[in-house]
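Down below is the structure, laid out as structure tokens.
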Amino acid sequence: AVCSMGNSTSRLYSVLAKTLSSGAVSQHQDCLEQLDSAQLDPIDPKDLLEECQIVLQKRPPRFRRNFVNLKKNPASNHRPIRVMQWNILAQALGEGKDNFVQCPMEALKWEERKCLILEEILAYKPDILCLQEVDHYFDTFEPLLSRLGYQCTFFPKPWSPCLDVEHNNGPDGCAMFFLKERFELVSSANIRLTAMKLKTNQVAIAQTLKCHETGRLFCIAVTHLKARTGWERFRSAQGCDLLQNLKNITQGAKIPLIVCGDFNAEPTEEVYREFSNSSLNLNSAYKLLSPDGQTEPPYTTWKIRPSGECRHTLDYIWYSQHALNVNSALGLLTEEQIGPNRLPSFNYPSDHLSLVCDFSFNQDPDRLL
């Protein structure tokens, strides 16, 4: 089963068609952790995409999103680094807690929803993938993405709300994946965020990578801050803790930095201002899609719950603007594409939109420090 997957399309289907129960996950977790991805046959992404499309053939067609070219500088001398940020919606929360009143339960079935998630990842082919609310890491994302050539890291929340849901698949957390053919792992840190000097339930992963093509080092981080209104000061404290950790890891911005996350904070919040004004000289990549280059998108999540409709900008890709250029960014779904029932839906698997950016190294990184 999970520990002996072959390379044929028919064997791939067994991974897509089944989801382990939480008991099976704990039973197989040791096996999964011991498996060296080099021992597993690689997957052709086209075969996996084809299998996903077979599973999804009764779903309505997905909407097309286009990349917006943002590059103003001369062409760089290396292939861009594509980074994808996405809160994929934990399966246990989607089915058991989040109560999307306009989304049919049929649309949330994991057997099909995971194929929508994989289809989105395969469509944009990120070099680095940063995910939040991952509760199917060991039975889906790690075994599949490792065979697509990614090195995989997972850091679960200490007290995941998924564990309160009957028939859950274990805790949710942050996950990071990078293509081994493009990068070498130099160092990795799993960070449990603190607030008011107390450890919290929110986490981050920060990895320093070396780009094979350029020899340049950079740090990539993924996080998911505390949700809900009334917790603004708490998120601010978590953001300060994360920034301090990242200052240490990047030696005070000597190493370029990209931070992906669901911050659960609008641009009006203090934690957003902390990142904007940090000594790490960070900018938010998706601001560059606005006409003035200074305004965040109107939404990155759009859902309807019993309390009403929620349209917010909560997800960001921050980057070292002195050392990195944003070549392009993936446009967001329009209101018409999202539809009146909002997200998630039969067309789209999460209540958050994925963000995707292409980065290149600035040829003169010290000039803007």
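Criterion first (of a type in the set (Ser, Thr, Tyr) and modelled with pLDDT of 95 or more) does Thr301 satisfy it?
Yes.
Are there any pairs with C-beta distances below 6 angstrom linking a residue in the stretch 188-213 that is at negative phi and in a strand (DSSP E or B) to a residue that is open to solvent by 40 Å² or more (accessible area, probe 1.4 Å) and among the aromatic types (Phe, Trp, Tyr), with the two at least 6 apart or on different chains, and if so which?
What qualifies is Asn190/Phe155; Ala195/Phe234; Asn201/Trp159; Val203/Phe155; Ile205/Phe155.
Given the structure, is Glu95 open to solvent by 10 Å² or more (accessible area, probe 1.4 Å) and within 16 Å of the chain's Cα centre (by Cα)?
It is false that Glu95 is open to solvent by 10 Å² or more (accessible area, probe 1.4 Å) and within 16 Å of the chain's Cα centre (by Cα).
Only residues that are open to solvent by 10 Å² or more (accessible area, probe 1.4 Å), in a loop (DSSP other than H, G, I, E, B) and out of contact with any Lys or Arg (no Cβ under 6 Å at 6 or more places or on another chain): list them for the stretch 214-255, please.
Answer for the stretch 214-255, where residues must be open to solvent by 10 Å² or more (accessible area, probe 1.4 Å), in a loop (DSSP other than H, G, I, E, B) and out of contact with any Lys or Arg (no Cβ under 6 Å at 6 or more places or on another chain): Thr214, Gly215, Arg216, Ala227, Arg228, Thr229, Gly230, Trp231, Gln251, Gly252, Lys254, Ile255.
Condition (residue is part of a loop (DSSP other than H, G, I, E, B) and basic (Lys, Arg)) applied to the stretch 131-147: is it met by at least one residue?
So far as the stretch 131-147 goes, no, none of its residues is part of a loop (DSSP other than H, G, I, E, B) and basic (Lys, Arg).
Restricted to the stretch 39-79, and to residues that are under 14 Å from Val356 (Cβ atoms) and open to solvent by less than 50 Å² (accessible area, probe 1.4 Å), which residue is modelled with the highest pLDDT?
Result: Arg65.
Starting from the stretch 35-54, keep only residues that are closer than 13 Å to Pro143 by Cα, then list their pairs with residues that are open to solvent by less than 50 Å² (accessible area, probe 1.4 Å) and modelled with pLDDT of 95 or more whose Cβ atoms are within a distance under 6 Å, requiring at least 6 positions of separation or different chains.
Ser37/Ser146; Leu40/Arg147; Pro42/Arg147; Ile43/Arg147; Ile43/Leu148
Within the stretch 119-134, how many residues turn out to be under 17 Å from Cys162 (Cβ atoms) and open to solvent by 10 Å² or more (accessible area, probe 1.4 Å)?
1
Any idea which of Phe234, Phe154, Phe218 is within 15 Å of the chain's Cα centre (by Cα), at negative phi and hydrophobic (A, V, I, L, M, F, W, C)?
None of the other options fit; the residue is Phe154.
Name the residue, out of Gln363, Gln321, that is over 23 Å from Asn99 (Cα atoms), more than 19 Å from the chain's Cα centre (by Cα), without any contact (Cβ under 8 Å) to a residue 60 or more places away in the chain and open to solvent by 60 Å² or more (accessible area, probe 1.4 Å).
Sole residue among the options that is over 23 Å from Asn99 (Cα atoms), more than 19 Å from the chain's Cα centre (by Cα), without any contact (Cβ under 8 Å) to a residue 60 or more places away in the chain and open to solvent by 60 Å² or more (accessible area, probe 1.4 Å): Gln321.
When Leu118 is evaluated against the numbered criteria (1) part of a helix (DSSP H, G or I); (2) out of contact with any helix residue (DSSP H, G or I) (no Cβ under 6 Å at 6 or more places or on another chain); (3) under 28 Å from Phe359 (Cβ atoms); (4) not basic (Lys, Arg), which criterion, by number, is the only one it fails?
It is condition (2) that Leu118 fails.
With respect to Ser284, is the statement that it is modelled with pLDDT of 95 or more, more than 13 Å from Leu225 (Cβ to Cβ) and surrounded by fewer than 20 Cβ atoms within 10 Å (Cβ to Cβ) true?
no
The values are calculated or read from the model by the stated rules, or taken from the named source; none is laboratory data. Since we're looking at a predicted model, the values are computed, not measured. No Cβ is skipped: glycine too gets one built from the backbone with ideal geometry, and neighbour counts run over all protein chains shown. Just so you know, the surface numbers come from the protein's heavy atoms only, side chains and all, with ligands and any DNA or RNA stripped out. Shrake-Rupley method; radii C 1.70, N 1.55, O 1.52, S 1.80 Å.
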